Amino acid sequence: MNPPHRRPAAARRSANIGFVSLGCPKALVDSERILTTLRAEGYGISPSYEQADLVVVNTCGFIDAAIDESLQTIGEALEHNGRVIVTGCLGARPERILERHPHVLKVTGPHDYAGVLEAVHQHLPPPHDPFLDLVPPQGIRLTPRHYAYLKISEGCNNSCSFCIIPALRGRLASRRIDEVLAEAQRLVDAGVKELLVISQDTSAYGADIRYRGATWRGREYESRFMDLARALGTLGSWVRLHYVYPYPHVDEVIGLMADGQVLPYLDIPFQHGSPTVLKRMRRPAHAENVLERITQWRRGCPELTLRSTFIVGFPGETDAEFEELLQWLKAAQLDRVGCFKYSPVEGASANAIEGHVPPQVQQERYERFMECAAAISTERLQRRVGQRVRVLVDAVDEHGALARSAAEAPEIDGIVRIEDGAQLTPGEWAEVDICAADTYDLQARIAAP
Ligand code: SF4
């Protein structure tokens, strides 16, 4: 007999869930929320398909390559485990999944947390155990302990012609500012040193809830971009802003960057430099004089790092429009740049635009664009040689430490390699002297005291 306060070992064994998270940081945050709830309910999280009792695949449906990867991953999970629940962006189009994988247990759509949990409960009942409620207050995170994504809203009110995210994830739905700040505080209390603010359109934050007011730590705030940036800036961690559009009110945040309250780093997906292409793309804020604004921002905050992504070979893009893009890039001197060749996404209105650019022309433009971006990056990184900067260490191996300064976001930008940093630990701050640079990365040595 077991003592009355203990449950038999077999019954206490948790039901194990395997989890695969694909796609962007927004999908990653969805995964973290689902995992946090599952863990709170007593499920174990399994690192392998074979040890799991069931696998959840959080899919991406942004472009065709992402859809292929999602479908392949579902196939892999079915092959190695056999019991698979699918969620995420591709889940908004269940017919795509079911025609290739008719034996998945359930398909739920993007940020349908309740649907995923219901499906898990149905196919693998929760192993209730009051002794198992060991979830930390900050929840389960898939990022290293020292940085975390902070999702401030779901969905998007824009209608960019190449994108189906509004159809997949719905219209803008902002979280109230006190909820966001409470989560940020919990993360910082748990050791997070860098908060990465994400959404589909960070500068539109709060518009859907009419910038609703709320009290946090005895102060009144509105649910709007500037109040959020200001309040996050009081938490003592790095605050990095992603997916910001160049609306006029973004100018104000440059002052907070110059004062050191948020990182002098803006991730703005410009997508193109030609006004006519931007108009066909139906991009938000496409009519703003962005080059002039960039000059002003840099005047207000000279250490500002600008990161962006672009699409080349958009339908109807002429040679002249592409040259305009190159000229724009040279004038803007962006620090970090990513580029995609346009690929049609089922359901996007851009598919109907005439003049699709042939693949070999897209490839040539892509190569020319990246060559130009690489030259700018090399030149701008060279200017940083000799600087002393504060970095956050991400990883350590026998060759030294990999770290990032304010100018590098995790996963998407280059790194600072600290040659003599083997004794550092991940999540530690360090002062380093930049001693060399290549096209995308920097070399550094620990600064002498
Ligand atoms: S801003 Fe445009 S590209 Fe971004 S999610 Fe909204 S519609 Fe899509």
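The values are calculated or read from the model by the stated rules, or taken from the named source; none is laboratory data. Keep in mind it's a predicted model, so treat the numbers as computed, not measured. Because the Cβ atoms are built from the backbone with ideal geometry, glycine has one as well, and the counts that use them run over all protein chains shown. Just the protein is used for accessible areas: all its heavy atoms, side chains included, with ligands, DNA and RNA removed. Shrake-Rupley method; radii C 1.70, N 1.55, O 1.52, S 1.80 Å.
Look at the alpha carbon pairs under 8 Å that are at least 6 residues apart: their mean separation over the length of the chain gives a relative contact order of 10 percent.
How fast does segment 325-417 diffuse by Stokes-Einstein, in µm²/s, taking the Kirkwood radius from C-alpha pairs at 25 °C and 0.890 mPa s? Translational D for this selection: 151 µm²/s. Computed over neighbours whose Cβ is under 13 Å from that of A409, the net charge equals -3, Lys and Arg +1, Asp and Glu -1.
Taking other residues whose beta carbon is less than 14 angstrom from the beta carbon of C156, and scoring Lys, Arg as +1 and Asp, Glu as -1, yields +3. The residues packed around C372, meaning those with a beta-carbon under 12 Å from its beta-carbon, carry a net charge of -1 if Lys and Arg are +1 and Asp and Glu are -1. Solvent exposure of segment 290-351 amounts to 39 Å² per residue of accessible area, where only protein heavy atoms count and the probe is 1.4 Å.
Just give me a number: lysine pairs in the chain, eight or more positions apart or cross-chain, with C-alpha atoms less than 29 Å apart. Summing the qualifying lysine pairs gives 12.
With all protein chains in place and ligands, DNA and RNA left out, the 1.4 Å accessible area ranks Y149, Y243 as Y243, Y149, largest first. Of the peptides 186-195, 393-402, the ranking by mean beta-carbon count within 10 Å, highest at the top, reads 186-195, 393-402. Solvent-accessible area of the chain (1.4 angstrom probe, protein heavy atoms only): carbon and sulfur portion equals 52 percent.
Protection proxy ranking for 203-216, 20-33, using the average of other Cβ atoms within 10 Å per residue and placing the highest first: 20-33, 203-216. If you take the Cα centroid of segment 399-427 and the Cα centroid of segment 87-105, the two points sit 39 Å apart. The string of couplings for segment 344-357 from the Karplus curve (6.51, -1.76, 1.60, θ = phi - 60°) is x, 10, 4, x, 7, 6, 4, 4, 8, 6, 6, x, 5, 7 Hz, one whole number per residue in order, with x for Gly and Pro.
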